[in-house]
Every structure is written in structure tokens, then in C-alpha cells.
Ligand code: NAI
Ligand code: 15L
């Protein structure tokens, strides 16, 4: 497999960015890391540039010279509009403008299941189901997905718009039995998205194998991505340790779970 020349990993100090560093180390000759806060150490083929996604000039310099971007940077939970605007609205605009005026790198955009969080748990979704965000954070990811599509249609910039479920070392609660994505499955997806000859701009659900089957990825068979892990080994433990909540609890109603009950944060 031919290596990428230079891969930019944004959000490199965060949970998934940190994992990306070890899982994707061999994917590119050079790895450029960025975050608004420092990362822990810099390894052999890595460089680190500290910058804020809200700073257009800084983002342009970051993207310049990269043939691929794994975009994990930005606000990752429900927060104030000001923070979300900087990281996920202006930040994503800055990323795509930088991509347009530099080498049009291929982008892996870490979107979220909170773009569709207000669908009920008995509904089955695919890539063409309209978004139904469950808060400001989810709405900002819908914006990012749409901006990616604009830059694909107008400028041919390819993006994997990946609605990540719950990517943690293991599922943390009953809901995650339906949403869990293992690190191994996430990074095999990132790899597939960067190595397939033609990516386009698909919406992909980032989830390992799951019995509940909320999300249908059948339209992206051409990626050759096969999730290998499943949340099932944790089912018994989670169902025993976590009592079934009330029938009108957010987790019992909506795919986005507790995010659907979050307030509009003012500080
Ligand atoms: P995280 O919160 O641990 O990492 C995000 C990183 O982005 C942080 O290091 C933070 O400093 C940086 N960041 C935030 N605002 C920034 C700004 N304005 N400029 C520069 N850097 C900024 O989140 P995590 O879990 O690593 O998630 C990575 C991405 O994946 C996020 O975009 C998140 O929305 C998405 N995602 C993650 C899921 C998960 O289960 N971990 C599920 C769905 C989506
Ligand atoms: C997300 O979008 C968040 O970034 C992550 O922290 C989890 O809360 C995840 O969704 C989830 O829905 O479990």
C-alpha cells in the first residue's frame, strides 16, 4: 500500500486524536499533529503545531502540504454556542477553505451520531435519512457534514462524513451496546477512507457490529470496511449492573440518549 505523504491529525491531544497517533503512525511518511492544547510528546515522524481551529491563517498553514486530514479537532459534547461556533462552525469552514486553496486533501470528518440523535430507538436509519440533531453540538456536526458536501460538489474535495457512535475502549452503558465503535474498527475505517481509489463524500455510520442494527451502511460497501468488533461481550455485565431505566428516560426513547435532554449551555 502506498503511503500518504503527510497526514494532518487535528484534535491530536484529545481522546481519539491520541489513539489516532498510534493506530495511524504507519499510514503516512509524515504526521502533522495539531490541537489548541499541547500533546504529550512528539514521536519519530511527527511534528506538532499548536493552533486554534478558529484562526483561519493558522489553519491554512496547518493544511498546507498535507494530502490527507483526519479531523478529530473541535468541541465533542454539548457546550456553549461560543465554543461550538469557534471549533465546529468557523473551525470547519476554516478547514475546508484551507483545503480548497492548498492541495485539496482528502478529509476524514469526525461527525457524530448526535446529528440524528432525536430519532427513536426503534427507527432504522441509513445515509439518506434526514438529520435530526439533538442539540447545538449535533447541529454543528450537521453543518460540518453539509459544508463537506458543498466543497465536494463545487471543488471535488473528498470527505468521509463519519457519524461516530460511541468510541471508547469498551461500551460504558446499555445504550452503547447499540452505538459502540472500537478503536480498531474506527482506525480501519480511517485507513480504508484514505486508501480507496475513489471516496466521494459518503455519510458513514461509525459503529462496530451490533445486534440492534440502528444504522445501515450498505451503501458504502465499496470502501471494503468490515467492522470486526462487537459490543456483545459486555451485554450481560451491563444489563446486570445497570437497571433498566424508566420507559420515558432519554436512553429508552432516543438514539442520542442523554444528549436529547441537555440544556442550551450558557456557560
Ligand atoms: P475530545 O474532546 O477528547 O478531543 C477534541 C480535541 O479537539 C481536544 O483535544 C480539544 O482541545 C480540541 N479542540 C477543541 N476545540 C478546538 C479549537 N477551537 N481549536 C483547536 N482544537 C480544538 O474528543 P474525542 O472524543 O477525541 O472526539 C474527537 C472527534 O470525534 C470530535 O470531533 C467528536 O465530536 C467526534 N466524535 C467522538 C465520539 C467519541 O465517542 N469519542 C463520538 C462521536 C463523534
Ligand atoms: C459524541 O458525539 C461524543 O463526542 C462522545 O463523547 C460520546 O458522548 C458519543 O457521542 C456518544 O453518543 O456516546
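Can you give me the pair-distance distribution of the chain, C-alpha pairs, 5 Å bins, whole percents?
In order of increasing distance, the bins hold 1, 6, 13, 18, 20, 18, 12, 8, 3, 1, 0 percent.
For the chain, what is the mean residue ellipticity at 222 nm derived from helices alone (per DSSP H run of n ≥ 4: -39500 (n - 2.57); sum divided by total residues; nearest 500 deg cm²/dmol)?
Value at 222 nm, helices only: -8500 deg cm²/dmol.
Mind checking the angle between helix 183-195 and the chain's longest principal axis? C-alpha axes, 0 to 90 degrees, to the nearest 10.
40
Which semi-axis lengths, in whole Å and largest first, follow from the square roots of five times the eigenvalues of the Cα gyration tensor of the range 1-134? Show your work: numbers first, answer last.
Working: eigenvalues 140, 60, 46 Å².
Output for the range 1-134: semi-axes of 26, 17, 15 Å.
At 7 Å along Cα-to-Cβ for each site, give me the label-to-label distance between residue 247 and residue 122 in nm.
Each label point lies 7 Å from its Cα, and together they span 1.0 nm.
Based solely on C-alpha atoms, express the radius of gyration and the Dmax of the range 25-79 in angstrom.
Final numbers for Rg and Dmax: 11.9, 36 Å.
Given axes a ≥ b ≥ c from the Cα gyration tensor, I'd like to know whether the range 71-227 is rounded (a/c under 1.5), prolate (a/b larger than b/c) or oblate.
Oblate is the answer for the range 71-227, as a/c is 1.5 or above yet b/c matches or exceeds a/b.
For q values of 0.19, 0.27, 0.33 Å⁻¹, compute log₁₀ I(q)/I(0) with the Debye formula on a Cα-only model of the range 130-174, without solvent.
Values, matching the q order: -0.72, -0.99, -1.13.
So for the range 131-220, Kirkwood radius off the Cα pairs, Stokes-Einstein at 20 °C and 1.002 mPa s: how many µm² s⁻¹?
151
Treating the angle as unsigned and between 0 and 90°, give the value, to the nearest 10°, between the Cα long axis of helix 91-101 and the longest Cα principal axis of the chain.
Roughly 40 degrees between the two axes.
Could you check the simple spin-label distance between residue 22 and residue 198, using points 7 Å along Cα→Cβ, in nm with one decimal?
Result for the modelled spin labels: 3.8 nm.
Nearest 0.05, what FRET efficiency do residue 3 and residue 212 give at R0 = 30 Å with Cβ-Cβ as r? It would help to have the intermediate numbers written out before the result.
Values: r = 37 Å, r/R0 = 1.24.
The formula returns an efficiency of 0.20 here.
When the convex hull of the C-alpha atoms of the range 186-267 is computed, what volume per residue in Å³ does it have?
In the range 186-267, the Cα convex hull volume per residue is 165 Å³.
How fast does the range 192-239 diffuse by Stokes-Einstein, in µm²/s, taking the Kirkwood radius from C-alpha pairs at 25 °C and 0.890 mPa s?
On the way: Rh = 12.5 Å.
After rounding, the answer is 196 µm²/s.
For the chain, with a Gaussian network of springs between Cα atoms less than 10 Å apart, report the residue from 226, 237, 78 with the top mean-square fluctuation.
Evaluated over the chain, the most mobile residue of the options is 237.
In a Gaussian network model over the chain where Cα atoms closer than 10 Å are linked, find which of 16, 83, 33 has the largest mean-square fluctuation.
Taking springs between Cα atoms under 10 Å, the residue moving most is 83.
Which residue fluctuates the most in the chain, going by a Gaussian network model with Cα springs under 10 Å, if the choices are 53, 147, 95?
Answer for the Gaussian network model of the chain: 147.
Each value in this text was obtained by applying a stated rule to the coordinates, not by laboratory testing. All values reported here derive from a predicted model rather than from experimental measurement. In this analysis, Cβ positions are derived from the backbone assuming ideal geometry, glycine residues included, and neighbour counts consider all displayed protein chains.
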